[in-house]
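Have a look at the structure below before the remarks.
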Amino acid sequence: MNGSTTVDALAPIEIQVERLYKSFGDNAVLQGIDLTIRCGETLAIVGGSGCGKTVLLGHILGKLRPDRGHVRVVDHGDPALPLRALDELDSFAIDRLHQHWGVVFQRNALFSGSVYDNIALWLKEVRQLDDDVIVPIARRSLTAVGLDCDDEFLRMDHLELSGGMAKRLAIARAIAMEPVVLFYDEPTTGLDPASSAQIHQLIQQTHDTRLAGGIARTTIIITHDKDLLLRLRPRTVMLHDGRVFFDGPFAAFERDRSEVIRPYFDQMPVLNRRTGTN
């Protein structure tokens, strides 16, 4: 079943990017990005190599500071507060925001050690939880992503996992924190078609799972994966020359015949087989 992009236009704003500019030396990467992401939305950010997708994600995560403009986000630790401008926060405040976010990196960024070590580290450091509390959380998270959850698998070194299993572990680690917002950076790049299809389904299922209190999860995906877009049919944002060139439903993106979108759309399968193409 395909996903749906239907989100109430009056849903609360989760992330707001306002006139964002960023250059590295003479390379102007972002040149006035405006983007509003609402609670419960699935949004895909696409575009050719070097268009600024990863730089935009770095600003949204608070890892980069803009030359001009702002990124404002909801503080789920104190939702009564208005949107917080990341460039006005110190590292401690940004770390507090990250307690409610989950990030699945392109190369998984798994830690040294076992499957359990990978899930437990953030729960220990951020949530200050003990092993007796973490073990059932780890088992639930692994089950949710279709991995084994017995003691033998928990003890397995992450280097023994296949590419698809490593990606699933990265997602399990992210959802163990029960994030309100999930970010995926090229989640299927380099995976075989069968593993990619499993990740597509997992992303959809994870997005559709409501959090405590019925809170809807927001999902943001950087991708070249055309099949993922065909399945999820998210709101699609294409960056080009440092600006938002397209912002709308995937169906409209798929039909667009512009000289910018069409060549990129046709090239997406090739780009998705590569690595490091942001």
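For the subset of the stretch 128-141 comprising residues that are at pLDDT 95 or above and in contact with a helix residue (DSSP H, G or I) (Cβ under 6 Å, 6 or more places away or on another chain), which member is surrounded by the most Cβ atoms within 10 Å (Cβ to Cβ)? So, considering only residues that are at pLDDT 95 or above and in contact with a helix residue (DSSP H, G or I) (Cβ under 6 Å, 6 or more places away or on another chain), the one surrounded by the most Cβ atoms within 10 Å (Cβ to Cβ) is ALA138.
Scanning the stretch 48-100 for residues that are over 17 Å from VAL237 (Cα atoms), part of a helix (DSSP H, G or I) and aliphatic (A, V, I, L, M) yields LEU86, ALA93, ILE94, LEU97. The listed residues are ALA109, ALA80, ALA85, and the only one of them that is of a type in the set (Gly, Ala, Ser), under 20 Å from the mean Cα position of the chain (by Cα) and on the phi < 0 side of the Ramachandran plot turns out to be ALA85.
Being crowded, with 21+ Cβ neighbours inside 10 Å, modelled with pLDDT of 90 or more and either on the phi > 0 side of the Ramachandran plot or among the β-branched types (Val, Ile, Thr) (or both) holds for only one residue in ILE175, ILE203, ILE199, ILE171, and it is ILE203.
Only a single criterion out of (1) at pLDDT 95 or above; (2) over 30 Å from GLN201 (Cβ atoms) is not satisfied by ASP90, namely (1).
So which residues in the stretch 8-35 are without any contact (Cβ under 8 Å) to a residue 60 or more places away in the chain, under 17 Å from THR236 (Cα atoms) and hydrophobic (A, V, I, L, M, F, W, C)? Selection gives ALA9, VAL17. Please verify whether the stretch 60-78 includes one or more residues that are without any contact (Cβ under 8 Å) to a residue 40 or more places away in the chain, buried (at least 16 other Cβ atoms within 10 Å of the Cβ) and over 13 Å from MET177 (Cα atoms). Yes, because at least one residue in the stretch 60-78 is without any contact (Cβ under 8 Å) to a residue 40 or more places away in the chain, buried (at least 16 other Cβ atoms within 10 Å of the Cβ) and over 13 Å from MET177 (Cα atoms). Would the stretch 188-197 turn up any residue that is part of a helix (DSSP H, G or I), among the β-branched types (Val, Ile, Thr) and either under 16 Å from the mean Cα position of the chain (by Cα) or within 17 Å of GLY48 (Cα to Cα) (or both)? Taking every residue of the stretch 188-197 in turn, none turns out to be part of a helix (DSSP H, G or I), among the β-branched types (Val, Ile, Thr) and either under 16 Å from the mean Cα position of the chain (by Cα) or within 17 Å of GLY48 (Cα to Cα) (or both). Counting only residues that are buried (at least 21 other Cβ atoms within 10 Å of the Cβ) and closer than 18 Å to ILE137 by Cβ, the stretch 180-193 holds 1 of them. Restricting to the stretch 108-120, count the residues that are of a type outside the set (Gly, Ala, Ser) and at pLDDT below 90. Of the residues in that region, 3 qualify. If I filter the stretch 95-113 for residues that are of a type outside the set (Phe, Trp, Tyr), surrounded by fewer than 18 Cβ atoms within 10 Å (Cβ to Cβ) and more than 28 Å from ILE15 (Cα to Cα), do I get at least one hit? Yes, the stretch 95-113 contains a residue that is of a type outside the set (Phe, Trp, Tyr), surrounded by fewer than 18 Cβ atoms within 10 Å (Cβ to Cβ) and more than 28 Å from ILE15 (Cα to Cα). Output yes when any residue across the stretch 116-127 is assigned to a loop (DSSP other than H, G, I, E, B), surrounded by fewer than 20 Cβ atoms within 10 Å (Cβ to Cβ) and of a type outside the set (Val, Ile, Thr), and no when none is. Checking the stretch 116-127: at least one residue is assigned to a loop (DSSP other than H, G, I, E, B), surrounded by fewer than 20 Cβ atoms within 10 Å (Cβ to Cβ) and of a type outside the set (Val, Ile, Thr). Of ALA166, ALA93, ALA120, all but one fail to be of a type in the set (A, V, I, L, M), without any contact (Cβ under 8 Å) to a residue 24 or more places away in the chain and under 22 Å from ILE220 (Cβ atoms); the exception is ALA93.
The values are calculated or read from the model by the stated rules, or taken from the named source; none is laboratory data. Source: prediction; values computed, not measured. Every residue, glycine as well, gets a Cβ built from its backbone with ideal geometry; the counts of neighbours run over all protein chains shown.
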